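Notes to accompany the following structure.
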Amino acid sequence: MSWSKRATLRGLLIAAAALSAVPASAQMELKIIAPAAPGGGWDQTARSMQQAMTASGAAKSAQVTNIPGAGGTVGLAQFVNTAKGDGNTLMVNGFVMVGAILTNKSPVNLDQVTPIAKLTEEMQIIVVPANSPIKTAKDLADAVKKDVSKVTFAGGSAGGVDHIMAALFTGAAGADAAKVNYVPFSGGGESLAAIIGGKVTAGISGYAEYEGQIKSGRLRAIGITSAERRAGIDVPTFKEQGIDLVITNWRSVVAGPGITAAQKKALEDAVEKMAKSAAWKDVLKQKGWDDAFVSGDAFTKFLKDEQTRVRKVLSEVGLVK
Amino acid sequence: MDAFAALAQGLTVALQPMNLLFALIGVMLGTAVGVLPGIGPALTVALLLPITFKLDPAGSLIMFAGIYYGGMYGGSTTAILINTPGESASLATALEGNKMAKAGRGGPALATAAIGSFVAGTIATIGIVFLAPWLVEIALQFGPEDYFALMCVAFVTVSATFGSSPVRGLTSLFIGLTLGLVGIDKLTGQARLSFGVPELLDGVEITTLAVGLFAVGEALYIASRRNKGEEKIEPVRGSLWMTKEDWKRSWKPWLRGTAFGFPIGALPAGGAEIPTFLSYSTEKRLTKHPEEFGKGAIEGVAGPEAANNASAAGTLVPLLTLGLPTSATAAMMLAGFQQYGLNPGPLLFAERPDLVWGLIASLFIANVMLIILNLPLVGLWVRLLAIPQPWLYAGILVFATMGTIAAKPSAVELTMLGVFGVMGFLMRRFDFPVAPVVVGLILGPMAEQQLRRAMQISLGDPTVLVQSPISATLLGIALIALIAPFALQGLAKFNKSDD
Amino acid sequence: MSTATHRIDRAAMAIAAGLLVIAVVIVWDASSLPSTVYGIGPRAVPILVAGGLVLLAIGNAVLAWRGEFPEREDYDLQAVLLILGGLLALIAIIGLNGGFIPATAVLFAATATAFGRRAILTDFVIGFVLSVLVFLMFSKLLTLSLPMGPIERLL
C-alpha cells in the first residue's frame, strides 16, 4: 500500500471515528524514534510511551527505533528526511536538542518538524557542598558579582541545559554571562563527587539527581528553577529569592514535516489519550518525571520561545556565533 | 558485626530455589547478549531490564546481578576465543588470551578468566561490606588534577603493549591519540576533526575501533595469507583444564588485579580500563616467563580479568554509599533500584537493608552460578575454534558487524568499522602493534579532560598539579616507572662491563 | 651499513608521509578553534599530538630509509577485496532498506569464499539461517531495533 493510499485510508478512518465508537487512533501502528542510544532519557521516554500507548489503547502498536548521535541531531536529520508526510511516526526530543542543533551547526532544525506535544519536564537545581559559606541564592549571586572567575559551576555537557542555566544565573546576578566559569563533567556521578568533595563552588543538575544527597545533608540546595514552590520540596525558588531564573528540562514529541492537518490531529489525539491515561501516570510516578502535557498552538509557541532564548544564551557564552 | 548477619539474611533469600532459577536465567541471558562486541554489560542490562520488571524485587535484583555478571563474562569469552574484545575493559584480556586460544590453550585461558573473576568478585564484594564507607571518603578527595596524575601512571604502562620497536609502538599510540581528538570537545563544545560529519561529533566509539582493528583486521590479514599454511588453530593442545603450573602462575595475578581494580573502580572517574592496563603491565614486569608475553602468557589473562571484575564491584561503593552512579553499568543499577521507587544513597542502607544486602548476596550467587555454568562449558566454547576456518571467520565478522549495527546503526559507523579493519590489516603487515591505538583512544581524551578541568578550576595555575598530595605522589610514581627500566638497564650494562 | 645493500622501503616511507599529513590536518583543524576564558583551550592538545606525529614521521622515515621495516610477504589481494566487498555490500543493503538478514548473509558468504570455500550458495543459506536466528533473538526478545527490510517484516 502506498503512503498516499494509507493516508487516505487514515483520513477515512478518522472520519468514521466521528461516527463510530472505535477511536481511529486505536488502529494506529506507530513508529517512535528515540534520537539517542538505548538507556538514555529520550530512549526511556520513547519506550515508556510505547508501553503507555498500547496499554491505553491510544495506538494498536508502537515500535521504538534508536538513532543515536550528536545530541539527537543525527536522529533529527534522518527523521526530517524519512518521516516527511508520514502520519505514523513520532520522534522524542527535548531541551537538549534545541542547544545541540545550534552548537553542532546542524543543517536541519526544529522549524522543519511538526510540533505535537510537550510531555514531561524536570526542574533544575543549584547546590553547594554542605560546608560551603554560601547559604542562599543571594550569597551565590554576590560571589559571582564579586569575582565571576572564582565561582566554578559543575554540570553536564557544554551547551546543555546546565551550562545554559549557569550562564543565565550569572547574567541574572549582574555579572558578565560570557565569563561564567562552567566546568562540564562527563557523568552525573563524576560531577556529584566533585561537588561533594568541594572541588567546585556549586553544582547544577536536574532535581532528582541531587535529591538523595540533599536529604542526607551532604549538599545544600540553593534554589530551584520552577516558577512556583513545589509541595514536599523544602527549597525556595530562585524567583522568590529575587533572581529571575525559570527554566525546565522538558521532553516532547514531534511529527515529520509536511503532514496533513488530519494526520496532525490524529497524532495529537493519540498522544493526548496516552498522556491522560493511567498507564502514563504510572510511568511518570515510577520515573519521577513531572507531567507537563501541552499540545497544539501553545506548544508550538513554547518551542519557538525556547529556541530564541537558547540561541541568545549560547551566543552570549560564545558557543554559537 | 551486623554486616555478616545482614549478608547471611540476604543469602538465604538468594538461595531459594526460585531465585536460583532467576539467577541461572539471568546469567545465561547476560552471557548470550554479552558476547556481542559493542554490547557491553551496561547495554545488556539496559536491554534486559524490562524483563525483570515483571518479577518481585528480590527475584528481579537477582536476575539483574546475573545478567550483569553474565554480560561481563561474555565480553571476555569473545576476547579470548575470537580476539574481539566485547568492551574496552576486555582489551587487555584479548592481548594474551587470544594468543593462548590460538596455541590450543583456550581452555586454561577461559578457566583462569572465570576463576579470576570469581576470586576478584568475591574479594571485592567483601571489600564493599567492610571498606565502603571508608573508601568512599578517600575517593571524594580525588580532584581533576589527581585523576590526571592517575592517567599519567596509566600512560607509562602503555609501553608494555608496544612489542619490539618503541618507534612503532609510539606511532600506534599517537594514531590512537589522534582518533581521541575526533568529536565534540567536552569542555568547550567545539567540534574537532569532524569535518562537518554529524556522526563524528560523538567521537570514535572504542568498541568500533577495537572490533575493527582486532576482529576485522585479523580476518583480513589471515585471509590474505591463507595459503601460507600457518596459523593452524588447534582447539585443545595439552590439557583442557588449568594445570598445576597454571594455578601457580594465576593466583598472584588474580590478587594483584583485584588490588588494582577495586580501589580504582571505587573512584568516581576511575573506570575499568586503567586497572586492567596497570595489571597487564605489572604482570609483564613481574612474570618469571617474560618470553611468553605477547605469545600467550596466562598471567596476562588472569590479572586484567580480575582487575576488570574487581573494578565493577568497586563502582558499587560510591553507588551504594552515596548514590553516585559512576559508570554506565552503575547508572543501570540505579535504574534497577528506581523501578521500586528507591534511590540508592546514604539512606538506603538504613531504609532498605534487605534490598541492599539482597543485591550484594545476589552478586555472590551470580558469581558462583557463572563458575558452575561456565567451567563445564569451557570445553564446548573451545570447540567453537574447531569450526572450519571459512565459517569461523565469517561468523566472527557477522558478530563484529552485528554489535555495531545494534548499538549504532549508521552507514558511517559501519564504514568506520571497515576503515579500521583495513588499518588493522596494514598495521599487521607492517608490524605495528594494534593495542596501543585503542589505549590511546581510551586514555587520551580522559587525560586531556581532567588536565583541562584542573586548569580551569585553578584559573590556569599549573602548580595545582603538585600541590595536591595525591597528584604529587602519583606523578612521582609515573616518573619512577618511566625512568626505572632505563636506569636498571644502565645499571645492568654497568655491572656487565664491570665483570 | 653500506649504501650498496640498503634499499629504501617505499611503502614504509609512505607511512611516514601519511603521519606528516595527519599532523598538518590536525594543526589546520585546530587553528579554527576559539580559545577559552579559563585554563587550557581546545587547541593545545591537538597541537601537542601533531608535534608528536611529526617526530614519529621522522622516526619512521629514518627506519624506512635504513630499510629496517620487517620483510613483507606477498599476499592474496583477492581475499582481502572479497571481504571488503562483503562489508560494502552489507552497508549498501542496509542503506537501501534491504534489511539486516540479507545484508548479514551476504557478508557471511563473501567471507567464507575469501577463506577458500567454493560453495557460495550453501554459505549464503548458512549465513541466512544464522542471521534469522540472531534477528529473532535480538529483535523479538530484546526489542533491539535492527535494520528492517522485506524479510524482517515477515518475521
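The condition (being without any contact (Cβ under 8 Å) to a residue 40 or more places away in the chain and either open to solvent by less than 20 Å² (accessible area, probe 1.4 Å) or in contact with a strand residue (DSSP E or B) (Cβ under 8 Å, 6 or more places away or on another chain) (or both)) is satisfied by just one residue among B:149, B:160, B:79, B:113: B:79. Once the stretch C:70-80 is narrowed to residues that are open to solvent by 60 Å² or more (accessible area, probe 1.4 Å) and outside any loop (DSSP other than H, G, I, E, B), the residue that is nearest to the other protein chains (Cβ to nearest Cβ) is C:77. Considering each residue of the stretch C:139-154 in turn, at least one proves to be in contact with a Gly (Cβ under 9 Å, 6 or more places away or on another chain), more than 10 Å from every other protein chain (Cβ to nearest Cβ) and part of a loop (DSSP other than H, G, I, E, B). Please work out if residue C:47 is more than 9 Å from every other protein chain (Cβ to nearest Cβ), out of contact with any Phe, Trp or Tyr (no Cβ under 7 Å at 6 or more places or on another chain), open to solvent by 80 Å² or more (accessible area, probe 1.4 Å) and of a type in the set (A, V, I, L, M). Yes. Among the candidates C:135, C:124, single out the residue that is open to solvent by 30 Å² or more (accessible area, probe 1.4 Å), more than 9 Å from every other protein chain (Cβ to nearest Cβ) and touching a Phe, Trp or Tyr at 6+ places or on another chain (Cβ under 8 Å). Unique residue meeting the criteria: C:124. You will find that of C:51, C:59, C:41, C:67, the residue that is at pLDDT below 95, part of a helix (DSSP H, G or I) and in contact with a helix residue (DSSP H, G or I) (Cβ under 9 Å, 6 or more places away or on another chain) is C:59 and no other.
If a residue has to be of a type in the set (Phe, Trp, Tyr) and either within 16 Å of residue B:450 (Cβ to Cβ) or within 14 Å of chain A (Cβ to nearest Cβ) (or both) to count, how many in the stretch B:153-189 make the cut? Adding up the residues that qualify gives 1.
Considering the stretch A:130-231, the qualifying strands (runs of 3 or more DSSP E), each wholly inside and each with 2 or more residues that are touching a residue at least 40 places away in the same chain (Cβ under 8 Å), run over A:152-155, A:202-206, A:219-224. Every listed requirement among (1) modelled with pLDDT under 90; (2) over 30 Å from residue A:147 (Cα atoms); (3) in a helix (DSSP H, G or I) is met by residue B:431 save one, (3).
Of all the residues in the stretch B:232-252, those that are assigned to a helix (DSSP H, G or I) and open to solvent by less than 50 Å² (accessible area, probe 1.4 Å) number 3. Among the residues of the stretch C:5-16, just one is more than 8 Å from chain B (Cβ to nearest Cβ), open to solvent by less than 50 Å² (accessible area, probe 1.4 Å) and modelled with pLDDT of 90 or more, namely C:16.
Only a single criterion out of (1) at pLDDT below 80; (2) open to solvent by 10 Å² or more (accessible area, probe 1.4 Å); (3) within 14 Å of chain A (Cβ to nearest Cβ) is not satisfied by residue B:272, namely (1). Only one of the numbered conditions (1) under 21 Å from the mean Cα position of the chain (by Cα); (2) not assigned by TED's automatic domain parsing to the domain that holds residue A:214 is not met by residue A:237, and that is (2). Within the stretch A:272-282, one or more residues are in a loop (DSSP other than H, G, I, E, B), more than 14 Å from chain B (Cβ to nearest Cβ) and modelled with pLDDT of 85 or more. Evaluate the following for residue A:92: is it surrounded by fewer than 24 Cβ atoms within 10 Å (Cβ to Cβ) and of a type in the set (Val, Ile, Thr)? Taking the combined requirement at face value, the residue does not satisfy it. Residues in the stretch A:250-264: is at least one part of a helix (DSSP H, G or I) and crowded, with 21+ Cβ neighbours inside 10 Å? Checked the stretch A:250-264: at least one residue is part of a helix (DSSP H, G or I) and crowded, with 21+ Cβ neighbours inside 10 Å. Entry remark, the stretch B:420-454: residues being more than 22 Å from residue B:161 (Cβ to Cβ) and open to solvent by 20 Å² or more (accessible area, probe 1.4 Å) number 2 in total.
When residue C:102 is tested against (1) open to solvent by 30 Å² or more (accessible area, probe 1.4 Å); (2) more than 7 Å from every other protein chain (Cβ to nearest Cβ), exactly one condition is not met: (1). Flag: residue B:22 matches the condition of being buried (at least 16 other Cβ atoms within 10 Å of the Cβ), at pLDDT 70 or above, touching a helix residue (DSSP H, G or I) at 6+ places or on another chain (Cβ under 9 Å) and aromatic (Phe, Trp, Tyr).
Name, by its number, the condition in (1) assigned to a helix (DSSP H, G or I); (2) more than 7 Å from chain C (Cβ to nearest Cβ) that does not hold for residue B:462. With respect to (1) assigned to a helix (DSSP H, G or I); (2) more than 7 Å from chain C (Cβ to nearest Cβ), residue B:462 is out only on (1).
State all residues of the stretch A:45-65 that are more than 20 Å from residue A:115 (Cα to Cα) and within 9 Å of chain B (Cβ to nearest Cβ); if no residue qualifies, say none. Within the stretch A:45-65, just A:51 meets the criteria.
Candidates are the residues of the stretch C:17-38 that are part of a helix (DSSP H, G or I) and within 8 Å of chain B (Cβ to nearest Cβ); the one that is surrounded by the most Cβ atoms within 10 Å (Cβ to Cβ) is C:19.
Taking the stated definitions as given, is residue A:88 closer than 24 Å to residue B:456 by Cβ, more than 12 Å from chain B (Cβ to nearest Cβ) and in contact (Cβ under 8 Å) with a residue 60 or more places away in the chain? Criteria not met by residue A:88.
For the residues C:84, C:107, the requirement of being under 26 Å from residue B:416 (Cα atoms), open to solvent by 30 Å² or more (accessible area, probe 1.4 Å) and either not in a loop (DSSP other than H, G, I, E, B) or not hydroxyl-bearing (Ser, Thr, Tyr) (or both) singles out C:84.
The values are calculated or read from the model by the stated rules, or taken from the named source; none is laboratory data. Since we're looking at a predicted model, the values are computed, not measured. Here Cβ is always computed from backbone atoms with ideal geometry, including for glycine, and neighbour counts include all displayed protein chains. Note: areas computed on protein heavy atoms with side chains; ligands, DNA, RNA excluded. Shrake-Rupley method; radii C 1.70, N 1.55, O 1.52, S 1.80 Å.
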